[in-house]
1. Quick one: how many residues across region 400-411 are open to solvent by less than 30 Å² (accessible area, probe 1.4 Å) and either touching a residue at least 24 places away in the same chain (Cβ under 8 Å) or closer than 12 Å to V358 by Cα (or both)?
2. For region 26-53, give me the residue count where each residue is closer than 16 Å to I117 by Cβ, open to solvent by 20 Å² or more (accessible area, probe 1.4 Å) and either in a helix (DSSP H, G or I) or out of contact with any Ser or Thr (no Cβ under 8 Å at 6 or more places or on another chain) (or both).
3. Do we have A241 as within 16 Å of ligand 2 (Cβ to nearest atom), at pLDDT 95 or above and in contact with a helix residue (DSSP H, G or I) (Cβ under 6 Å, 6 or more places away or on another chain) here?
4. Give the residues of region 220-263 that are farther than 15 Å from P110 by Cβ and assigned to a loop (DSSP other than H, G, I, E, B), sorted by residue number.
5. Which pairs have Cβ atoms under 9 Å, sit 6 or more apart or on different chains, and link a residue in region 3-20 that is over 18 Å from A94 (Cβ atoms) and in contact (Cβ under 8 Å) with a residue 60 or more places away in the chain to one that is open to solvent by less than 100 Å² (accessible area, probe 1.4 Å) and acidic (D, E)?
6. Filtering region 158-183 down to residues that are within 34 Å of the chain's Cα centre (by Cα) and in contact (Cβ under 8 Å) with a residue 60 or more places away in the chain, which residue is most open to solvent (accessible area, probe 1.4 Å)?
7. Does at least one position in region 210-221 carry a residue that is closer than 30 Å to E81 by Cβ, within 13 Å of ligand 1 (Cβ to nearest atom) and of a type in the set (A, V, I, L, M)?
8. Among the residues of region 78-99, are any among the hydrophobic types (A, V, I, L, M, F, W, C), modelled with pLDDT under 95, assigned to a loop (DSSP other than H, G, I, E, B) and in contact with a Ser or Thr (Cβ under 9 Å, 6 or more places away or on another chain)?
Amino acid sequence: MTDRSCLYVVLAAGEGTRMRSALPKVMHPVAGEPMLGHVLETIGETTGEASIAAVIGPGMDGVRQFLGRKSPSASVHVQTERLGTAHAVLAARAALAADRDTIVLYGDTPLVTAETIDRLRRALADGADVAVLGFDAADPSGYGRLIMEGNRLLAIREERDASGEEKQITFCNSGVIAFKKGLIAELLDAIGNDNAKGEYYLTDAIEIAVARGLKTAAVACPEAEVQGVNTRAQLASAEAAMQARLRAAALEGGATLVAPETVFLSRDTRIGQDVLIEPNVFFGPKSTVADGATVRAFSHIEGATVASGAVVGPYARLRPGAAIGEGAKIGNFVEVKAATVEDGAKINHLSYVGDARVGAGANVGAGTITCNYDGHNKHHTDIGAGAFIGSNSALVAPVSIGEGAYVASGSVITKDVAPGALAFGRARQTEKPGGAEAVSGKPNSKDSQG
Ligand code: UD1
Ligand code: MG
């Protein structure tokens, strides 16, 4: 591609009424990321320099804030009335530059890949003035149909305006359309709203381009990349397609997923080589599992890092800010939040460790709880390297357990423990010989045992 810079106009103004949701359609997540976020990420992966103009609806403050966080350099435009996709693009008129190619993307089409967008751009470089990304739909209902004459694209017909014969066509419009520089504004200005919906259809740009003797082209891609999401059922279908893609990438990267269809990943989940993931594991956003680590069955991991050789689960929960060190072990029914578990440390059973550091090689016994919250504020617990925390201990933060210290089982620790010290924080056991009879009211004889 000679000219490498491109403007992407991302349409996100639709209300998505068929979603029946208080959330704008494009903010519904797929693989832990709003659909709009997928489109923005994909633009970032395309070849060359990209600028972004996003079109949102009035009052979509959440979408505006999301754009500000995710793509701070994007310009944001408000389509005040929802009058159709061409009208939406023209809401971004101030950003439409005559000196670069422009590609329109829909915020409700999260599966499109950068390679496919690059292929569409190549169609422009190869001489097309307007190029449409098309796909062969298993069920074309609801999609605009591509009216072809041999290799020439003559028009796009929206479902509602299509004749019975045109409805038979399965080659459909994905919504991704590329315009050679200098063309988009004048083509869109020529679009009217004389159609079944009374909307300004972006898709009418094709017929207008053909009438002006411009060259149009259709580039085909697999349906799985361009499913549009208008309903919750389609959202579930997009999720399934995205999960299939993410699992395939994890396997391709050298991880073993024993039952891939039961592992749920986020778009940004990073899984290294020789990682073993047992069945029924869920990864929320921002998680990394390094080479050679194991995640055992039924674990829930979000915003966490697992270093190489660590073993997590079964039934572990890693929450945001959990950093599990090399060779560390997090066992069943252990929850870790905002805590660093250093190399080789073990928290094997039934514990909550939050706002803490567990030093290298420390052993945290079953049932240990860091009492990090006093009802108002969160406090830190520091456990030194090589320390041993006996089972069923409560560490009342802020508190620190020195390196190599030993906390006796069942302790409630409210004061710092010095390095190497042995701390007891429990009631002393007393014993009354024969006292059982007095308590139970029954003679303590072997005959009464059932
Ligand atoms: C659109 C296409 C159709 C294509 C399908 C692919 C048109 C006229 N039709 O239909 O050919 O097969 O996508 O999924 O383009 N939007 C706005 N403002 C508006 C209207 C829509 O921003 O006034 C945005 C929506 O938020 C959405 C996108 O444009 O992200 C597409 O709109 P939608 O209503 O979903 O169009 P479809 O009926 O799916
Ligand atoms: Mg749609």
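1. Within region 400-411, residues that are open to solvent by less than 30 Å² (accessible area, probe 1.4 Å) and either touching a residue at least 24 places away in the same chain (Cβ under 8 Å) or closer than 12 Å to V358 by Cα (or both) number 2.
2. Total meeting the criteria: 4.
3. Judged against the criteria, A241 is a match.
4. Result: G253, G254, A255, V258, A259, V263.
5. Listed pairs, sorted by first residue: D3/D99; D3/D101; G14/D108; G16/D108.
6. Step by step, filter region 158-183, then rank; the result is K181.
7. no
8. Yes, region 78-99 contains at least one residue that is among the hydrophobic types (A, V, I, L, M, F, W, C), modelled with pLDDT under 95, assigned to a loop (DSSP other than H, G, I, E, B) and in contact with a Ser or Thr (Cβ under 9 Å, 6 or more places away or on another chain).
The values are calculated or read from the model by the stated rules, or taken from the named source; none is laboratory data. As the structure is a prediction and not an experimental result, all values here were calculated from the model. Because the Cβ atoms are built from the backbone with ideal geometry, glycine has one as well, and the counts that use them run over all protein chains shown. Remember, those area values only see protein heavy atoms, side chains included, never the ligands or the DNA or RNA. Shrake-Rupley method; radii C 1.70, N 1.55, O 1.52, S 1.80 Å.
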